[in-house]
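See structure below.
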């Protein structure tokens, strides 16, 4: 095969794994220490950070070309537009 | 007669990613429903979320993150031409999948025992927001569980082929795509966990 494949070292993968475990502990801690529905935003922010780590390193997106990065951007934008536009309706009824 | 195998690494991976985007939108629809109903029944969602078994959710999160690490390491191992290590890492990933599903079985048994399942007498008699919460929970976690099962089978197939030597450092796109699917399963759970288990 002619393509060059980026090899991610075990050490880097384990570092990301440790980061994900830390963020999991953080999200549980945050949920237990902040009562009320407001912490859903904190939970989502932490989940987005974890998702970003998984996509970037475990799924090799950091090392992919422009095509896949743009497609990911388009897919996530479509999802955001769906949710955003739905809330224009749901919130202002 | 010799047969020339056509291989298209970039195309195979692009196809996998396109499929994963449809999966994201599938689960995205369920998260959209969750968000719309959370806006309508914040108190009931809070009350229902408090009944969820946080210990099972947290343990399963750790198990899935670890299984994702093993799958990613398997890709690195095969790229470095270490078949045996790749095989063992895949077996580890599949074992994590089995433990995850075993936990799910125990968790759901306890919940069903408490009368929490779609259409149960307790939920029908209770406030509508709570039964919506649990219906969405069973639907989303059930669909996710089905993905864990499919992903586990797919990775088992890949592991057999790694063992046979038909997946190797020169041709590992099937392993890479299997790992991608597995990471998606992990990714979805990363969002299910706080939304359903941490709405305290």
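Details
- Shape metrics for the protein assembly as shown, restricted to C-alpha atoms - Rg then Dmax, Å: 20.2, 71
- Largest first and in whole Å, the equivalent-ellipsoid semi-axes of segment A:6-59 read 27, 11, 4, each the square root of five times a Cα gyration tensor eigenvalue.
- Volume per residue of the C-alpha convex hull in segment B:1-119, rounded to whole Å³: 187 Å³
- Rounded, prolate or oblate (a/c below 1.5 giving rounded, otherwise prolate when a/b exceeds b/c) for chain A by Cα gyration tensor: oblate
- Our summary of shape: the Cα atoms of segment B:82-139 have principal axis extents of 58, 19, 10 Å, ordered from largest down, in whole angstrom.
- Averaging Cα coordinates gives a centre for segment B:74-88 and one for segment A:14-66; these two points are 27 Å apart.
- Directionally averaged projected area (convex hull, Cα atoms, chain B), nm²: 12.6 nm²
- Average beta carbon contacts from partner chains per residue of A:7-16, 10 Å cutoff: 4
- Fluctuation leader among B:39, B:72, B:141 - chain B, Gaussian network, Cα springs under 10 angstrom: B:39
- Computed FRET value (nearest 0.05) for residue A:14 with residue B:43, which takes r as the C-beta separation and R₀ as 35 Å: 0.25
- Note that segment B:96-200, at 4 °C in a medium of 1.567 mPa s, gets a Stokes-Einstein diffusion coefficient of 82 µm²/s from its Kirkwood radius over C-alpha pairs.
We did not get these values from a lab; they are worked out from the coordinates using the rules stated. Note that this is a predicted model, so its numbers are computed, not measured. Neighbour counts are summed over all protein chains in view; Cβ atoms, including those assigned to glycine, are modelled from backbone coordinates with ideal geometry.
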